[in-house]
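Visitor: Below is a structure I'd like to ask you about.
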Amino acid sequence: QVRLAESGGGLVQAGGSLRLSCTRSGILFRINTMGWWRQVPGKQRELVAQLSSGGSTVYSDAVKGRFTISREDDKNTMYLQMSNLAPEDTAVYYCNMDLRDTGNRPIGNFWGQGTQVTVSS
């Protein structure tokens, strides 16, 4: 009933930029928090950026100052603007949403299918 679909990944040279999008569909429960995570083979998935319903943001030290998380509610979409990309940013990027019902009861934690970002040196 809830689906997240990422887009915008690809191959970019170091120093370049990409914007990832994550569009949700299905039942539009209230978003508690939304975020972007990334994972490279053999490593744990790590949080890149998070945006709360109140508008506060959290960024990992590795991306602070280079990446920006945002949302566009009328399009049910959130974004990750990535600038000054480096080879170490190469990973599969996943969007995530923690959803609640109108009574603020947890509905669940939902993930997109992932989109590959590759940064060449």
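The values are calculated or read from the model by the stated rules, or taken from the named source; none is laboratory data. Model, not experiment: these values are computed from the prediction. FYI the Cβ positions are ideal-geometry reconstructions off the backbone, even for glycines, and counts take in every protein chain you see. The protein model used for the area step is the full one, side chains on, heavy atoms only, and it has no ligands, DNA or RNA in it. Shrake-Rupley method; radii C 1.70, N 1.55, O 1.52, S 1.80 Å.
Visitor: For Trp36, only one of the following conditions fails: (1) over 13 Å from Glu6 (Cβ atoms); (2) surrounded by 13 or more Cβ atoms within 10 Å (Cβ to Cβ). What is its number?
Guide: (1)
Visitor: For region 84-109, name all the residues that are modelled with pLDDT under 95 and surrounded by fewer than 19 Cβ atoms within 10 Å (Cβ to Cβ).
Guide: Once the filter is applied, which keeps residues that are modelled with pLDDT under 95 and surrounded by fewer than 19 Cβ atoms within 10 Å (Cβ to Cβ), region 84-109 yields Arg100, Asp101, Thr102, Gly103, Asn104, Arg105, Pro106, Ile107, Gly108, Asn109.
Visitor: Additional query: Does Thr115 satisfy being among the β-branched types (Val, Ile, Thr), more than 18 Å from Gln1 (Cα to Cα) and either without any contact (Cβ under 8 Å) to a residue 24 or more places away in the chain or touching a Ser or Thr at 6+ places or on another chain (Cβ under 9 Å) (or both)?
Guide: For Thr115, the condition - among the β-branched types (Val, Ile, Thr), more than 18 Å from Gln1 (Cα to Cα) and either without any contact (Cβ under 8 Å) to a residue 24 or more places away in the chain or touching a Ser or Thr at 6+ places or on another chain (Cβ under 9 Å) (or both) - is met.
Visitor: Inspect region 4-24 for any residue being open to solvent by 60 Å² or more (accessible area, probe 1.4 Å), touching a residue at least 40 places away in the same chain (Cβ under 8 Å) and among the charged types (D, E, K, R) and give the result as yes or no.
Guide: yes
Visitor: Something else now. Return the pair list, or none, for Cβ contacts closer than 6 Å from residues in region 91-108 that are within 30 Å of Gly10 (Cβ to Cβ) to residues that are buried (at least 19 other Cβ atoms within 10 Å of the Cβ) and hydroxyl-bearing (Ser, Thr, Tyr), at least 6 apart or on different chains.
Guide: Tyr93/Thr115
Visitor: Still on this model: Could you list, in sequence order, the residues of region 47-83 that are within 17 Å of Thr118 (Cβ to Cβ) and surrounded by 14 or more Cβ atoms within 10 Å (Cβ to Cβ)?
Guide: Selection gives Val48, Val63, Arg66, Phe67, Leu80, Met82, Ser83.
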